[in-house]
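Data block below; observations after.
The values are calculated or read from the model by the stated rules, or taken from the named source; none is laboratory data. Source: prediction; values computed, not measured. For neighbour counting, all protein chains shown are included, and Cβ atoms are generated from backbone atoms with ideal geometry for every residue, glycine included. The protein model used for the area step is the full one, side chains on, heavy atoms only, and it has no ligands, DNA or RNA in it. Shrake-Rupley method; radii C 1.70, N 1.55, O 1.52, S 1.80 Å.
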Amino acid sequence: MARVLICEPHDDISALLELVVRRLGHEPVAYDGGDIEHIDVDAAVIEPGESSALEVARSLRSRNVPVLFTSIYPPDADALELNPAAYLVKPFPLYALERALEAALGVSALAPAAAVG
């Protein structure tokens, strides 16, 4: 079972992401701000439009933790330079998140981002 950080500012979407993570047999970890350095996770699902989200992603990527971005906006250079395991454009089918998360947890070298949407 993997620990998956959820960094999403909207409670309803965060709850849905947590449900998907649980359904896959993993433990969701809600990010509520603060120091990310002491949070031990295996992957993260992040809304890059959140004010501190890119800093969270940078910190995790510096530790080689795979990140998946989910956003209503298409990918931009700042997000893509972090080499996310996936970039899903909302609304996306939940199976796309499931497949992307399982792929991210199953690979050691992260592949370039794939935009879906």
Which label belongs to the value computed from this structure, given these candidates for mean projected area of the Cα convex hull in nm²: (1) 8.1; (2) 8.7; (3) 6.3? (3)
Give, in nm to one decimal, the length gained when the segment between Phe92 and Glu37 is fully stretched (0.36 nm per residue of separation minus the Cα-Cα distance). 16.8 nm
Report, in deg cm²/dmol and to the nearest 500, the calculated mean residue ellipticity at 222 nm for the chain, where each DSSP H run with n ≥ 4 adds -39500 (n - 2.57) and the sum is divided by the residue count. -10000 deg cm²/dmol
For the chain, with every protein chain kept in place, what is the accessible area per residue (1.4 Å probe, Å²)? 52 Å²
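Checking the a/c ratio against 1.5 first, then a/b against b/c, what shape does the Cα gyration tensor give for region 31-90?
prolate
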State the answer as a single residue: which of Ser59, His26, Ala103 lies farthest towards the positive end of the charge dipole of the chain, with beta carbon charges of +1 for Lys and Arg and -1 for Asp and Glu, about the Cα centre. Ala103
